[in-house]
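What follows is a set of notes on a single structure, which appears directly below.
Every number here is computed from the coordinates shown, using simple stated rules; none is lab data. If you're wondering where the values come from, they're calculated on a predicted model, not measured in any experiment. Positions of Cβ are generated from backbone atoms using ideal geometry, with glycine treated the same way; all protein chains shown enter the neighbour counts.
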Amino acid sequence: MAVPSVQLPSGAKMPVLGLGTWKSKPGEVTEAVKAAIDAGYRHIDCAFVYGNENEVGAGLKAKFDEGVIKREDIFITSKIWNTFHHPDDVEGAVRKSLTGLGVDYLDLYLIHWPMAYKRGPEMFPKDADGKFIREEIPFTDTWKALEACVEDGLLKNIGLSNFNSKQIQAVIDIAKVKPSVLQVECHPYLNQKQLLQFAQEKGLVFTAYSPLGSPDRPWAKPEDPSIMEDPKLKPIADKYGKSVAQVLIRWGVQRDTIVIPKSVTPARIRQNLDVFDFALTDEEMVVIDGFNIPYRACHLDWVNFMPDWPFHEPF
Ligand SMILES: NC(=O)c1ccc[n+]([C@@H]2O[C@H](COP(=O)([O-])OP(=O)(O)OC[C@H]3O[C@@H](n4cnc5c(N)ncnc54)[C@H](OP(=O)(O)O)[C@@H]3O)[C@@H](O)[C@H]2O)c1
């Protein structure tokens, strides 16, 4: 069954379910991409900083070579890392992702975070005390350089990730090419009700990352809330003969958000796509909405001294 899509202002169709690729161990993600494409995924979420775009590219190449898909059949997202925000570095960053992924355009490219880090080859630049080093670059300058890449045909659509409502508005205010997508963390423990409404009012498609609460994030602590283990979800999953993961993904799809669960396990990859043959009731949607804590798994608290760290604002 084909995964439903939403149409972006450019006319591009973005499937509402994609494969996340963050945190794969070496060698894992090529097979995951192949399994996902065979299962019917036509949307892959990547980023330069994940350090595995060449492995994702190997999976894509295998499926192009086998004739399973053509380039135009698959929606590929990547993201510019915080060290490449300087306008002179933007096209080079895009080209690094294109080379890694083995494609000549990206369907969507996002500013990964609003904060700019020190320019250079070090992805996580820190001073002698271990403190991250920032660079004074307005993200609106980065945006203008991305618009030039759209004009050159390297990027089909551009958008924002981890921006708050004020930062999104600042980009909209200067944009010739409007942001088409906002990608932020979203699951029932962080339902992002206000930001979702804001994005929808501004015409941005909303992508929910870490839809399962990112249990494999490197900084997870045993005492952190875990949505996958919430006992209130199990009876709902059992009612439909589905897993808790499938209920979480379905909840995201039913809120008109795009959902990008990560898995490197073929059976889970297939399971996560199998969410289009049941629907949560309005009552269940409201109950799950009520789980909001709010709890953020990807907080990047270690850079909260930076003025552009997005979580200073309520939404
Ligand atoms: N823009 C951003 O700043 C940003 C930040 C975070 C994430 N993202 C994107 O969003 C994607 C998803 O978020 P995420 O990776 O943080 O976490 P997630 O998708 O919420 O959770 C991934 C974890 O859940 C497990 N899992 C997947 N399907 C499962 C199932 N059906 N049953 C049980 N466990 C299951 C995975 O295990 P296995 O892999 O071992 O199967 C993995 O440990 C990322 O990979 C990335 O592409 C973007």
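Estimated from the Cβ-Cβ distance and a Förster radius of 22 angstrom, the FRET efficiency linking K61 and D38 is about 0.90.
Take every DSSP beta bridge whose two residues both sit in segment 77-164; close to 20 percent of them are antiparallel. With the dipole of the chain worked out from charges on the C-beta (+1 for Lys and Arg, -1 for Asp and Glu) around the Cα centre, which of A35, I74, Y209 lies farthest toward the positive end? Projecting each Cα onto the dipole axis, the largest value belongs to A35. In plain terms, the C-alpha convex hull of segment 148-277 casts an average shadow of 10.1 nm² when viewed from every direction. Temperature 4 °C, viscosity 1.567 mPa s: under these conditions the Stokes-Einstein estimate for segment 1-95, based on its Kirkwood radius over C-alpha pairs, is 91 µm² per second. Approximating the spin labels as points 7 Å out from Cα along Cα→Cβ, the K118-to-W219 distance works out to 1.9 nm.
Apply the Kirkwood formula to the chain: the hydrodynamic radius equals the inverse of the mean of 1/r over all pairs of different alpha-carbon atoms; give it in Å with one decimal. Across the chain, the inverse of the average 1/r is 19.9 Å. If the chain linking K144 and I293 were pulled fully straight, counting 0.36 nm for each residue of separation and taking away their Cα-Cα distance, it would gain 50.0 nm. Would you list which aspartates and glutamates come within 16 Å of K156, measuring only between C-alpha atoms, while excluding same-chain residues fewer than 8 positions from it? The reachable aspartates and glutamates, counting only those whose Cα sits under 16 Å from K156, are D45, E72, D73, E91, D104, D107, E147. Under 5 Å from the amide H of L190 lie the amide H atoms of I293, Y295, each residue being 5 or more positions distant or on a separate chain, with H modelled from the backbone and absent for Pro and chain starts.
Using the reciprocal of the averaged 1/r over all distinct C-alpha pairs, how large is the Kirkwood radius of segment 76-230 in Å?
Working: mean 1/r = 0.0600 Å⁻¹.
Radius from the Kirkwood sum: 16.7 Å.
Within the listed set S78, S243, S210, the Gaussian network model of the chain (springs between alpha-carbon atoms below 10 Å) gives the highest mean-square fluctuation for S243. Here the residues K70, K131, ranked from fewest to most Cβ neighbours within 10 Å of their Cβ, fall in the order K70, K131. For K166, the lysines whose Cα falls under 16 Å of its own Cα, not counting residues fewer than eight places away in the same chain, are K178, K193, K202. A straight chain from H86 to Q169 at 0.36 nm per residue would run longer than the Cα-Cα distance by 27.8 nm.
Rounded to the nearest 5, what % of the DSSP beta bridges within segment 5-307 are antiparallel ones? Display every interim value, and only then the final one.
Numbers: 6 of 30 bridges.
Counting only bridges with both partners in segment 5-307, antiparallel ones make up about 20 percent.
Dividing the helix sum by the residues of the chain, where each DSSP H run of 4 or more adds -39500 (n - 2.57), gives a mean residue ellipticity at 222 nm of -10000 deg cm²/dmol. Stretched out straight at 0.36 nm per residue, the stretch from D129 to V286 would grow longer than its current Cα-Cα span by 51.9 nm.
Within the straight-line cut-off of under 14 Å between alpha carbons, the aspartates and glutamates reachable from K126 are E135, sequence neighbours fewer than 8 places apart in one chain being disregarded.
I'd like the chymotrypsin sites (Phe, Trp or Tyr not before Pro) in segment 228-307 restricted to DSSP loop residues with at most 12 other Cβ atoms within 10 Å, sorted by number. Don't skip to the answer; put the middle values down first.
On the way: sites: Y240, W251, F276, F278, F291, Y295, W302, F305; in loops: F276, F278, F291, Y295, F305.
Counting only loop positions with at most 12 other Cβ atoms within 10 Å, the chymotrypsin sites (Phe, Trp or Tyr not before Pro) in segment 228-307 are F305.
Across the chain, Cα pairs under 8 Å and at least six residues apart give a relative contact order of 19 percent.
For L19, the amide hydrogen comes within under 5 Å of the amide hydrogens of H43, I44, D45, counting only partners 5 or more places away or on other chains and with H modelled in the peptide plane.
Pairs K79/K221; K34/K262; K13/K70: which are spaced more than 18 Å apart, C-alpha to C-alpha? Intermediate values should be presented prior to the final figure.
Working: K79/K221 27 Å; K34/K262 14 Å; K13/K70 15 Å.
From K79/K221; K34/K262; K13/K70, over 18 Å: K79/K221.
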